[in-house]
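The next block holds one structure in the form of structure tokens; read it before the comments.
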Amino acid sequence: MIKDRTETSTELIALVDGGKVQATLPTSLDKAHQEELDKSPELLPADVFATMVLSRLD
């Protein structure tokens with residue numbers, strides 16, 4: 001699961017960096033995601049980042 005999310009995040013970053021997708025990547029968590037992380041300290045940063053990136057694509 002972590003491998004899949006890491007690959008997805010890497011692909012999304014490459015699309016933005018390559019100019020194929022016009023987006024501003026977040027550099028920090030928004031309040032809602034920070035609260036989620038605070039409630040679930042066992043989550044890895046990559047999990048939170050992947051969730052954050054994917055939620056912005058909806």
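The values are calculated or read from the model by the stated rules, or taken from the named source; none is laboratory data. Keep in mind it's a predicted model, so treat the numbers as computed, not measured. Backbone-built Cβ (ideal geometry, glycine too); neighbour counts: all protein chains shown.
When you look at ASP58, is it out of contact with any strand residue (DSSP E or B) (no Cβ under 9 Å at 6 or more places or on another chain) and at pLDDT 80 or above, yes or no?
no
Residues are listed down the side, and each one gets a yes or a no for (1) under 10 Å from the mean Cα position of the chain (by Cα); (2) modelled with pLDDT of 85 or more:
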{"position": "LEU12", "(1), (2)": "yes, yes"}
{"position": "LEU15", "(1), (2)": "no, yes"}
{"position": "ALA32", "(1), (2)": "no, yes"}
{"position": "PRO41", "(1), (2)": "no, no"}
{"position": "ASP47", "(1), (2)": "yes, no"}
{"position": "VAL53", "(1), (2)": "yes, no"}
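So is LYS20 modelled with pLDDT of 80 or more, surrounded by fewer than 10 Cβ atoms within 10 Å (Cβ to Cβ), not aromatic (Phe, Trp, Tyr) and not in a helix (DSSP H, G or I) or not?
Spelling it out, LYS20 is indeed modelled with pLDDT of 80 or more, surrounded by fewer than 10 Cβ atoms within 10 Å (Cβ to Cβ), not aromatic (Phe, Trp, Tyr) and not in a helix (DSSP H, G or I).
Which members of segment 1-29 meet the condition of being among the charged types (D, E, K, R) and either at positive phi or touching a helix residue (DSSP H, G or I) at 6+ places or on another chain (Cβ under 9 Å) (or both)?
Scanning segment 1-29 gives ASP4, ARG5, LYS20.
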